[in-house]
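Notes for the one structure printed next.
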Amino acid sequence: MMNKRFLLFCMVMISVMILVSGCWNYAELDRIAIVSGLAVDKNPKGDKFLLTAEIVDIQGSLTEEHVKARRIQAEGDTIFDAVRNMILISAKKLYWSHTKAIIVSQDVAKEGIRPVIDWVCRDIEPRADMGIFVSREKTAWELLEQQSITTDIRAFEMEYMLIANTDLSKSVRIDIIELIDTIAGKGTSSYLPAIGVTLNDGRMTANLSGIAVLKKDKFIEFLSEQDAKFFLFVRNKIRGGLLIISPDEEQPKDRITLEIFKSKTKIQPVYSNGKLLMKININTEVGIAEEDAPINYMIEKNKNKLKKETEEYLNKNIENIIKKVQENFDTDIFGFGRIVMEKMPSLWKNIDDEWDEVFKTLEVDINTEIDIRGSGLISKPIQVGD
């Protein structure tokens, strides 16, 4: 009797597994258009959204030489309206699960990127880990028209740029969850990677180009690639990159290139005598990656000099970027306010409503500690003979 029950149970389970093994939202490949990237602009009149979708066109087999990019455009009163209007052109349902990049024009970003984020979060297909960029060019759609270097799919290439930026620290990757958190939260403002065009091999191509500064969800201004690096030091987002130092003022062309291995930033608010101060402590490990000077900087005396020069260089440039944002942008992209809110909640209650004004004159105390670990495969500089 027990064996019969067990056999019946197995038959029922096998039947259920067969019946429910398919995907609930499965779609035939020839009935959908796979979207790799999206550009969000305003139409020439400025009264509607103009969307440009990059479509992955698979011709024949799935090998790379058979995968090409096609683009379609549509207008709409809202983002979703324009998305749906693309069906009139593509004749296929757009499939967004493989979308890697959304580029937003400055015109749209100045009005606010909230509509773009809202649509991404509400729709079931777009993924929250896609890259969102602000275009440095007049429009966003022209970024999808540039020469491709590594693949014909421009949006995929933009994702590769963000991944490779870990070794540069000249821009930043922000996922949608973090973006929503900064837009909705207090004591901090948002920022996004900026993307523009550059000349390469006689043709224009897209390139990662610093950071777009936002106030809540509205675009304010850009930070250059160099400024972006020192901003990332404050935000504790340095994962790599280079520092180029000229230790000898009399020989400014004798430069030392230091590779950043790791960096840690800790920020502590201090309130004394009615004044708020942010103490910023940065510990960074570097190695000598290239040396133009004929001086052995691994000798203790020279190494200490290089260490001091690098610390002063970092202190100066980090202080400059903080002052620049305070004086020109009027938005706390460093998250100082959030740190005060978390570590000094009673103080935050008193300055919450006037934080924008407090931030403009907020004093900082920057202390960097550089640890020079080594000099690669050679311990001495290459000497040129007589």
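Inspect the stretch 325-336 for any residue being in contact with a Pro (Cβ under 7 Å, 6 or more places away or on another chain) and closer than 23 Å to Phe230 by Cβ and give the result as yes or no. No, there is no match, as no residue in the stretch 325-336 is in contact with a Pro (Cβ under 7 Å, 6 or more places away or on another chain) and closer than 23 Å to Phe230 by Cβ. Within the stretch 226-248, is even one residue at pLDDT 95 or above, under 25 Å from Ile113 (Cβ atoms) and small (Gly, Ala, Ser)? Looking for residues that are at pLDDT 95 or above, under 25 Å from Ile113 (Cβ atoms) and small (Gly, Ala, Ser), one finds at least one in the stretch 226-248, hence yes. Here the strands (runs of 3 or more DSSP E) wholly within the stretch 47-101 that include at least 1 residues being farther than 22 Å from Phe156 by Cα and modelled with pLDDT of 90 or more are 49-58, 67-76. How many of the residues making up the stretch 269-297 are within 24 Å of Pro247 (Cα to Cα) and either part of a loop (DSSP other than H, G, I, E, B) or small (Gly, Ala, Ser) (or both)? Counting residues in the stretch 269-297 that are within 24 Å of Pro247 (Cα to Cα) and either part of a loop (DSSP other than H, G, I, E, B) or small (Gly, Ala, Ser) (or both) gives 8. Is it true that some residue in the stretch 138-160 is farther than 28 Å from Leu199 by Cβ, hydrophobic (A, V, I, L, M, F, W, C), assigned by TED's automatic domain parsing to the domain that holds Thr52 and modelled with pLDDT under 85? No.
For the stretch 163-173, a residue qualifies if it is modelled with pLDDT under 90 and either in a helix (DSSP H, G or I) or buried (at least 22 other Cβ atoms within 10 Å of the Cβ) (or both), and the qualifying residues are Ile163, Ala164, Asn165, Thr166, Asp167. Taking the criterion of being acidic (Asp, Glu) and surrounded by 15 or more Cβ atoms within 10 Å (Cβ to Cβ), the only residue of the stretch 331-351 that qualifies is Asp332. Looking at Asp123, Asp175, Asp201, just one residue is more than 20 Å from Gly37 (Cα to Cα) and not assigned by TED's automatic domain parsing to the domain that holds Lys324, and that residue is Asp201. Screening the candidates Val234, Val270 for the property of being over 16 Å from Thr368 (Cβ atoms) and β-branched (Val, Ile, Thr) yields one hit, Val270. Residue pairs whose Cβ atoms lie under 8 Å apart, sitting 6 or more positions apart in sequence or on different chains, and linking a residue in the stretch 177-190 that is loosely packed, with under 14 Cβ neighbours inside 10 Å to a partner that is part of a helix (DSSP H, G or I) and modelled with pLDDT of 90 or more, are Lys186/Gly337; Lys186/Arg338; Lys186/Met341; Lys186/Asp352; Lys186/Trp355. Screening Val270 with (1) of a type outside the set (Ser, Thr, Tyr); (2) surrounded by fewer than 17 Cβ atoms within 10 Å (Cβ to Cβ); (3) over 15 Å from the mean Cα position of the chain (by Cα); (4) closer than 29 Å to Lys138 by Cα gives one miss only, at (4). In the stretch 297-308, the count of residues that are over 20 Å from Val364 (Cα atoms) and in contact with a helix residue (DSSP H, G or I) (Cβ under 6 Å, 6 or more places away or on another chain) is one or more.
Just one residue in the set Leu223, Leu232, Leu243 is surrounded by 17 or more Cβ atoms within 10 Å (Cβ to Cβ), farther than 14 Å from Leu314 by Cβ and not basic (Lys, Arg); that residue is Leu223. In the stretch 273-312, the residue that is surrounded by the most Cβ atoms within 10 Å (Cβ to Cβ) out of those that are acidic (Asp, Glu) and more than 23 Å from Leu232 (Cβ to Cβ) is Glu291.
The residue pairs whose first member lies in the stretch 122-149 and is in a loop (DSSP other than H, G, I, E, B), whose second member is of a type in the set (Lys, Arg), and whose beta carbons are closer than 6 Å, counting only pairs six or more residues apart or on different chains, are Met130/Lys100; Ser148/Arg154. Summed over the stretch 328-360, the residues that are at pLDDT below 95 and outside any helix (DSSP H, G or I) give a count of 3.
When the residues of the stretch 129-151 are filtered to those that are of a type in the set (A, V, I, L, M, F, W, C) and more than 23 Å from Glu221 (Cβ to Cβ), the one that is surrounded by the most Cβ atoms within 10 Å (Cβ to Cβ) is Leu144. In summary, Ile321 fulfils each of the numbered conditions (1) in a strand (DSSP E or B); (2) closer than 18 Å to Lys360 by Cβ; (3) among the aliphatic types (A, V, I, L, M) with the single exception of condition (1).
The values are calculated or read from the model by the stated rules, or taken from the named source; none is laboratory data. Here the structure is a predicted model, which means the values were calculated and not measured. Glycine also receives a Cβ, built like all others from the backbone with ideal geometry; neighbour counts cover every protein chain displayed.
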